[in-house]
Amino acid sequence: MTNIKLTYEYTLSSIKAASESIDKLNTKLTVVLTLSGILINFGKDLPGYSTYIKCHTSQYPCITCYLLQLIAYILIGLAIVTSLWGLLPTKAGKIVLPGQLLEDEWNKTEEEKYMIALIKYLEKETLLDLNELGRKKGKRLNYTIIAIGGAVLLLGLDKILGASVPVLENFCKNL
């Protein structure tokens with residue numbers, strides 16, 4: 001097997017690897033989207049603005065609980081939008097149509113020049129596009145993971161703060 005055939009096979013395997021990587025990123029974006037829906041359902045049961053701190057004869061709404069929940073929902077919304085943006089159908093990579101290969105400029109050249117031209121075409125028109133698409137999807141996945149992580153952290157803090165309300169009320173009574 002000559003080097004040109006090895007290069008051609010490597011180019012094809014690189015295109016396949018880039019396509020599989022994009023498929024995996026799409027799967028991960030779908031998982032994050034599903035997780036976002038679960039977090040929305042989980043967040044509705046947290047204290048939020050309905051929590052009041054009783055101090056002597058007055059009641060004060062837990063503004064911090066509300067803000068934590070609000071910011072968490074904003075982050076979940078951003079994660080959903082970014083996941084959907086990453087999952088939008090995108091055209092990337094062209095293929096050489098059989099009709100193109102039958103044209104004289106392709107078909108009547110010697111095998112080595114033909115393979116070189118085909119490799120250059122596949123690299124320029126397919127592999128580079130797929131790599132760029134994978135990079136963009138990976139970046140969007142990173143944003144969604146950061147947003148979901150922030151939302152989980154804020155929802156956890158909201159839960160902790162809501163559970164701490166009785167302690168805060170006892171602290172207030174002792175003032």
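The values are calculated or read from the model by the stated rules, or taken from the named source; none is laboratory data. Please read all numbers here as calculations on a predicted model, not as lab measurements. All Cβ positions, even for glycine, are placed from backbone atoms using ideal geometry, and neighbour counts span all protein chains on display.
Table: residues versus (1) within 24 Å of residue 22 (Cα to Cα); (2) not aliphatic (A, V, I, L, M).
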{"site": "74", "(1), (2)": "no, no"}
{"site": "84", "(1), (2)": "yes, no"}
{"site": "91", "(1), (2)": "yes, yes"}
{"site": "108", "(1), (2)": "no, yes"}
{"site": "119", "(1), (2)": "yes, no"}
{"site": "128", "(1), (2)": "yes, no"}
{"site": "149", "(1), (2)": "yes, yes"}
{"site": "158", "(1), (2)": "no, yes"}
- Query: What is the number of the single condition among (1) more than 12 Å from the chain's Cα centre (by Cα); (2) surrounded by 14 or more Cβ atoms within 10 Å (Cβ to Cβ); (3) more than 21 Å from residue 160 (Cα to Cα) that residue 105 does not meet?
  - Reply: (2)
- Do you know which residues across the stretch 98-145 are at pLDDT 80 or above and among the basic types (Lys, Arg)? 113, 120, 124, 135, 136, 137, 139, 140
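Mind checking which helices (runs of 4 or more DSSP H) fall wholly inside the stretch 28-142 and carry at least 2 residues that are among the β-branched types (Val, Ile, Thr)?
Result: 63-87, 111-122.
Condition check ((1) within 15 Å of residue 157 (Cα to Cα); (2) modelled with pLDDT under 75; (3) surrounded by fewer than 16 Cβ atoms within 10 Å (Cβ to Cβ)) across all residues:
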residue: 26; (1), (2), (3): no, no, yes
residue: 29; (1), (2), (3): no, no, no
residue: 37; (1), (2), (3): no, no, yes
residue: 47; (1), (2), (3): yes, yes, no
residue: 63; (1), (2), (3): yes, no, yes
residue: 82; (1), (2), (3): no, no, no
residue: 86; (1), (2), (3): no, no, no
residue: 89; (1), (2), (3): no, no, yes
- Item | Whichever residue in the stretch 122-164 is crowded, with 19+ Cβ neighbours inside 10 Å and charged (D, E, K, R) and, among such residues, is farthest from residue 4 (Cα to Cα) | 158
- Message: Tell me the residue from 113, 108, 16, 44 that is under 29 Å from residue 136 (Cα atoms) and basic (Lys, Arg), please.
- Response: 16
- Task: Kindly list the number of the only condition in (1) without any contact (Cβ under 8 Å) to a residue 60 or more places away in the chain; (2) within 14 Å of residue 152 (Cα to Cα) that fails for residue 75.
- Result: (1)
- Looking at (1) within 18 Å of residue 24 (Cα to Cα); (2) of a type in the set (Gly, Ala, Ser); (3) out of contact with any helix residue (DSSP H, G or I) (no Cβ under 6 Å at 6 or more places or on another chain), can you tell me which one residue 156 breaks? (1)
- Query: Using beta carbons and a limit of 9 Å, which pairs, at least six apart or on different chains, have the first residue in the stretch 147-173 and more than 24 Å from residue 36 (Cα to Cα) and the second one modelled with pLDDT of 75 or more?
  - Reply: 165/65; 168/161
